[in-house]
């Protein structure tokens, strides 16, 4: 998770075409879009501290923006961000943390009928 303005001058083109979902980014940044489900949707953002695709400043800016939304809506416990001391990846530790988060927020909840 990062703030888009911090990605414009990155030398890596691997994600260049992924950032504009139906021109949504003309008015919204990544953290804005991630916050659209707040406060009902619990959100866990996992960032890699040694990421070469996103800057630390961009990841921290996004975290502050999302945290502010959840706090303003009175549900700060529904947002969590964690840095892992790894390059860009989704390793076993991160997966376990993600499963724990999902279990915490989805335990006992069922999908609506027909959904």
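Let me make sure I get this right: for the range 26-106, a, b and c are the square roots of the gyration tensor eigenvalues over alpha carbons, sorted descending. Under 1.5 in a/c it's rounded, otherwise prolate if a/b > b/c, else oblate. Which is it? Please list the in-between numbers first.
Details: a/c = 2.14, a/b = 1.16, b/c = 1.85.
Here the range 26-106 falls in the oblate category.
Based on the Cβ-Cβ distance from residue 86 to residue 60, what FRET efficiency comes out when R0 is 25 Å, to the nearest 0.05?
Efficiency, from the Cβ-Cβ distance: 0.90.
Every read-out reported here was derived from the displayed coordinates using simple, explicitly stated rules and does not represent laboratory data. Since the structure is predicted, the reported quantities are computational estimates derived from the model, not experimental observations. All Cβ positions, glycine included, derive from the backbone under ideal geometry; neighbour counts span all protein chains shown.
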